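Participant: Structure provided below as structure tokens; questions to follow.
Read the figures in this text as sums done on the coordinates, not as results from a lab. If you're wondering where the values come from, they're calculated on a predicted model, not measured in any experiment. Reconstructed Cβ throughout: ideal geometry from the backbone, glycine too, with neighbour counts over all protein chains shown.
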Amino acid sequence: MISLHPSSDAVRINPSILAADFVNMQAELARIDAADFVHVDVMDNHFVPNLTFGPQMVERIQATSPVPLDVHLMIDAPERWAPGYAELGAASVTFHLEAAAEPVALARHLRRIGARAGVAVKPDTPVENLFDVLDEFDQILVMTVEPGFGGQSFRAETMPKLRSLADEARRRGSSVWLQVDGGISESTIAQAAEAGADTFVAGSAVFGAGDPDAAIANLRALAGRHSAHR
């Protein structure tokens, strides 16, 4: 398994580069060296109506990032493409449950390569089918916006689903990480932490701050105070 950046046992903050200045990516990455991971959204303009970048860009980010990569694949046919991102050295690779034909088999493949394996669900996708296979995944990402574009508003109606995952993980003694992505900021992170999230993707709340590392520290502290795991 890939060695990870030192982080809190209970709270992880993963800034999303969707909110970064793409022209100055190396400098932007250097501004978030206090983060636990950098969240990299790969979109194919098929699974979601937006196009970002592919393996070549991710490889360059991997080579220059001061923290490990948390790659989120919003793409069709993840069985075909996800292993390649693990082979590039991404610490974590998350694919969408809605796009995967055999999610457990794919997660096992990613783990064999050496990456943490994550599965993501859209806001309207039920999570009950994941209960019996929680430990097949290292991370479950509950989207708190409809995937495809940054800057959307946090959807509080996704919190009961997150809470049900957290309750089930606690009941089973699972160590799976619960991640949220979409509209995470100083005003919303407490809700997500109280519902059971321990890993938080934040875009403009970090990259839009004058001091991104201070913003990361503040988000981490807010989440820690409201964490369901404390």
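Participant: Could you tell me, in Å, what Rg and Dmax come out for the Cα atoms of the stretch 156-227?
Facilitator: Cα radius of gyration and Dmax of the stretch 156-227 are 12.6, 42 Å respectively.
Participant: Kindly state, to the nearest 0.05, the FRET efficiency for residue 53 paired with residue 79, given R0 = 30 Å and r defined as their beta-carbon distance.
Facilitator: Efficiency, rounded to the nearest 0.05: 0.90.
Participant: With each label point set 7 Å from Cα along the Cα-Cβ vector, what nm distance links residue 125 and residue 27?
Facilitator: 3.7
Participant: Continuing with the same structure: Rounded to the nearest 0.05, what FRET efficiency do residue 175 and residue 102 give with R0 = 22 Å and r taken as the Cβ-Cβ distance? Could you check?
Facilitator: For R0 = 22 Å, the calculated efficiency reads 0.45.
Participant: Nothing charged except the Cβ atoms of Lys and Arg (+1) and of Asp and Glu (-1): what's the magnitude of the dipole of the chain about its Cα centre? Round to the nearest 20 debye. Spell out each step's value before the answer.
Facilitator: Working: 18 positive and 30 negative charges, 86 e Å.
The calculation lands at about 420 debye.
Participant: Could you work out the relative contact order of the chain, using alpha carbon pairs under 8 angstrom and six or more residues apart, expressed as a whole percent?
Facilitator: 21
Participant: Calculate for the chain the 222 nm mean residue ellipticity that helices alone would give, adding -39,500 (n - 2.57) per DSSP H run of length 4 or more and normalising by residue count, nearest 500 deg cm²/dmol.
Facilitator: After summing the helix terms and dividing by the residues of the chain, the value is -9500 deg cm²/dmol.
Participant: Another question, if that's okay. Which length gain, in nm to one decimal place, applies between residue 133 and residue 46 when the Cα-Cα distance is subtracted from 0.36 nm times their residue separation?
Facilitator: 28.6 nm
Participant: So what's the net charge close to residue 37: Lys and Arg +1, Asp and Glu -1, counting the other residues with Cβ under 9 Å from its Cβ?
Facilitator: -1
Participant: A further question on this structure: If the stretch 19-134 were replaced by its equivalent ellipsoid, with semi-axes equal to the square roots of 5 times the Cα gyration tensor eigenvalues, what would those be, largest first, whole Å?
Facilitator: 24, 16, 13
Participant: Moving to a separate point now. If you count the DSSP beta bridges with both ends in the chain, what percent of them are antiparallel, to the nearest 5? Walk me through the intermediate numbers first.
Facilitator: Details: 1 of 33 bridges.
Around 5 percent of the beta bridges assigned by DSSP in the chain are antiparallel ones.
Participant: Once amide H atoms are built 1.01 Å from N in the peptide plane, which residues 5 or more positions from residue 120, or in another chain, come under 5 Å H to H?
Facilitator: HN-HN under 5 Å from residue 120: 95, 96, 97, 141.
Participant: Which of 162, 89, 207 sits farthest toward the positive end of the charge dipole of the chain, with +1 on the Cβ of Lys and Arg and -1 on the Cβ of Asp and Glu?
Facilitator: Selected residue: 162.
Participant: With +1 on each Lys and Arg Cβ and -1 on each Asp and Glu Cβ, how big is the dipole of the stretch 27-77 about its Cα centre, in debye rounded to the nearest 20?
Facilitator: Values: 2 positive and 8 negative charges, 27 e Å.
I would put it at about 120 debye.
Participant: Just add up the charged neighbours of residue 145: K/R +1, D/E -1, any other residue whose Cβ is under 13 Å from the Cβ of residue 145.
Facilitator: Surrounding charge for residue 145 is -3.
Participant: For 159, 143, 57, what ranking results if the residue with the fewest other Cβ atoms within 10 Å of its Cβ goes first?
Facilitator: Final ranking by Cβ density, sparse to dense: 57, 159, 143.
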